[in-house]
Amino acid sequence: MKNLLTAFMLMLAGNSFAQTAADTLVVTTQPQMHCQGCENKIKNNIRFVKGTKQISTSLEEQKVTIVYNSKKANYDDFVAAFKKIGYEIKKK
Ligand SMILES: [Cu+2]
């Protein structure tokens, strides 16, 4: 019984760790974003990449900031997702 409890607590600890495994990716796009339509297109598509938690764009700074779970997605997943909608990305 004690072992079971320990195992359960370890599981909980593992879970909370997974939830905080958030990475932030900041990228620039090619072609550049030039209006809200571009921003929306990116946001509405990239948010479907598995593991994406939050996505924001900045026209002035020409950057896209993505907060994601690094256990579920990696940089290449985002490269592929951007490519699908016609953008190349570079880490900023
Ligand atoms: Cu546009």
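Of T6, T29, T65, the order by accessible heavy-atom surface (1.4 Å probe, DNA, RNA and ligands excluded), from most exposed downward, is T6, T65, T29. Here the Karplus relation 6.51 cos²θ - 1.76 cosθ + 1.60, evaluated at θ = phi - 60°, turns the backbone of the stretch 79-92 into coupling constants of 4, 5, 5, 5, 4, 4, 9, x, 10, 9, 10, 9, 5, 9 Hz, with x for every Gly and Pro. Each label was represented as a point 7 Å from its Cα along the Cα-to-Cβ direction; for K41 and A22 these points are 2.8 nm apart.
Maximal additional length on extending the S70-A7 stretch stands at 20.2 nm, based on 0.36 nm per residue less the C-alpha distance.
Of the trypsin sites (Lys or Arg not before Pro) found in the stretch 36-75, those that fall in a DSSP loop while having at most 10 other beta-carbon atoms within 10 Å are K50.
Around I85, with a cut-off of 15 angstrom between Cβ atoms, what is the net charge of the other residues, counting Lys and Arg +1 and Asp and Glu -1? So the environment of I85 carries a net charge of +2. Near the amide H of K63, within less than 5 Å, lie the amide hydrogens of S58, all on another chain or at least 5 residues away, with H placed in the peptide plane.
For N45, the shell of other residues with beta-carbons less than 14 Å away shows a net charge of +4, using +1 for Lys and Arg and -1 for Asp and Glu.
The values are calculated or read from the model by the stated rules, or taken from the named source; none is laboratory data. Everything quoted here is computed from the prediction, not taken from an experiment. We place every Cβ from the backbone using ideal geometry, glycine too, and count neighbours over all the protein chains shown. Please note that ligands, DNA and RNA were not included when accessible areas were found on the heavy atoms of the full protein model with its side chains. Shrake-Rupley method; radii C 1.70, N 1.55, O 1.52, S 1.80 Å.
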